[in-house]
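Participant: To start, I am sharing the structure in question, which I have written as structure tokens.
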Amino acid sequence: MCDVEVFGSRLPSGQVGEIVAIADRPQPAGRLPLRTQSSSGDLSLSISHRYALDERSAIPRSRKRAHSVSYLYELKDRWDREILVFHWHPLSNSPVKTPHAHISGTRPIPLPPRPSGEVPRPLDLSNAHIPTGILQIEEVLLMLIRDLDVQPTTERWEQILLGNLDEARQHEPSS
């Protein structure tokens, strides 16, 4: 996939911080170039993840458990066009507060004629807010590797991502 460094924060508990992944080589607007089997740079991923440190954490004071408060994961092409976007921005001005995806790279889908012969307007999914539930970044990375031919940087990618996902799920609040 790509190599990134994440720098920590010394936020007090309860305050919101943000992790933004930035490529180690100059790229437009924090895009991370993704390697596929056929090339490098055809796809990129932008990651912005907001979190808050938990007030009451059972782990030592030097380490705090964080929980997600919002995220934007954006898959784009080399011309910076959105292809697939995962959003969760409950505190934004958007009327949609729940986690959702946009399939921005789709063209309108022609629908078959009605029995009357009338041709309905094509179905445009590009602006739809498709419900997803809250996603972990590991789930997005797994999808990119498994379904979109993005190449991992280590042979242990599945073990690492599934291990991280398992740990994250153990600390999710129960419903």
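The values are calculated or read from the model by the stated rules, or taken from the named source; none is laboratory data. These figures come from a predicted structure and were not determined experimentally. Cβ coordinates were reconstructed from backbone atoms using ideal geometry, including for glycine residues, and neighbour counts include every protein chain displayed.
Participant: Look through the stretch 100-121, keep the residues that are within 28 Å of the chain's Cα centre (by Cα) and in a loop (DSSP other than H, G, I, E, B), and return whichever of them is modelled with the lowest pLDDT.
Facilitator: So in the stretch 100-121, the residues within 28 Å of the chain's Cα centre (by Cα) come out as 100-109.
Those left that are additionally in a loop (DSSP other than H, G, I, E, B): 103-108.
Working: ILE103: 93, SER104: 90, GLY105: 83, THR106: 86, ARG107: 90, PRO108: 92.
Among them, the one singled out is GLY105.
Participant: Could you check GLY41 against (1) at pLDDT below 90; (2) on the phi < 0 side of the Ramachandran plot; (3) in a strand (DSSP E or B) and say which number it fails?
Facilitator: It fails just one condition, (2).
Participant: Among the residues of the stretch 141-159, are any of a type in the set (Ser, Thr, Tyr) and at pLDDT below 90? Break it down stepwise before answering.
Facilitator: Step one: list which residues in the stretch 141-159 are of a type in the set (Ser, Thr, Tyr), which gives 153-154.
Next, from what is left, pick out any that are at pLDDT below 90: 153-154.
Yes: the stretch 141-159 contains one or more residues that are of a type in the set (Ser, Thr, Tyr) and at pLDDT below 90.
Participant: If you don't mind, there's one more thing I want to ask. How many residues, within the stretch 96-118, are of a type outside the set (Gly, Ala, Ser) and out of contact with any Ser or Thr (no Cβ under 9 Å at 6 or more places or on another chain)? Before the answer, list the steps.
Facilitator: Looking only at the stretch 96-118, we keep the residues that are of a type outside the set (Gly, Ala, Ser), and these are 96-100, 102-103, 106-115, 118.
Keeping just the survivors that are out of contact with any Ser or Thr (no Cβ under 9 Å at 6 or more places or on another chain) gives 96-97, 109-115, 118.
Total satisfying the criteria: 10.
Participant: Step by step: first the residues of the stretch 44-82, then only those that are assigned to a loop (DSSP other than H, G, I, E, B) and among the basic types (Lys, Arg), then the one that is modelled with the highest pLDDT. Which residue is that? Working first, answer last.
Facilitator: Going residue by residue through the stretch 44-82, those that are assigned to a loop (DSSP other than H, G, I, E, B) are 54-65, 78-81.
Cutting the leftovers down to among the basic types (Lys, Arg) gives us 56, 61, 63-65, 78, 81.
Details: ARG56: 60, ARG61: 53, ARG63: 58, LYS64: 63, ARG65: 66, ARG78: 84, ARG81: 88.
Here the answer is ARG81.
Participant: Within the stretch 144-162, how many residues are more than 16 Å from LEU72 (Cβ to Cβ), surrounded by 13 or more Cβ atoms within 10 Å (Cβ to Cβ) and either among the hydrophobic types (A, V, I, L, M, F, W, C) or in contact with an Asp or Glu (Cβ under 9 Å, 6 or more places away or on another chain) (or both)? Please lay out each step first, then the result.
Facilitator: Restricting attention to the stretch 144-162, the residues satisfying the condition of being more than 16 Å from LEU72 (Cβ to Cβ) are 145-162.
Restricting the remaining residues to those that are surrounded by 13 or more Cβ atoms within 10 Å (Cβ to Cβ) gives 145, 148-152, 157-158, 160-161.
Next cut, either among the hydrophobic types (A, V, I, L, M, F, W, C) or in contact with an Asp or Glu (Cβ under 9 Å, 6 or more places away or on another chain) (or both) only: 145, 148, 150, 152, 157, 160-161.
Total satisfying the criteria: 7.
Participant: Within the stretch 78-109, restricting attention to residues that are under 18 Å from LEU43 (Cα atoms) and among the polar types (S, T, N, Q), which residue is surrounded by the fewest Cβ atoms within 10 Å (Cβ to Cβ)?
Facilitator: Residues of the stretch 78-109 that are under 18 Å from LEU43 (Cα atoms), as a first pass: 78-86, 101-106.
Those left that are additionally among the polar types (S, T, N, Q): 104, 106.
Values: SER104: 17, THR106: 14.
That would be THR106.
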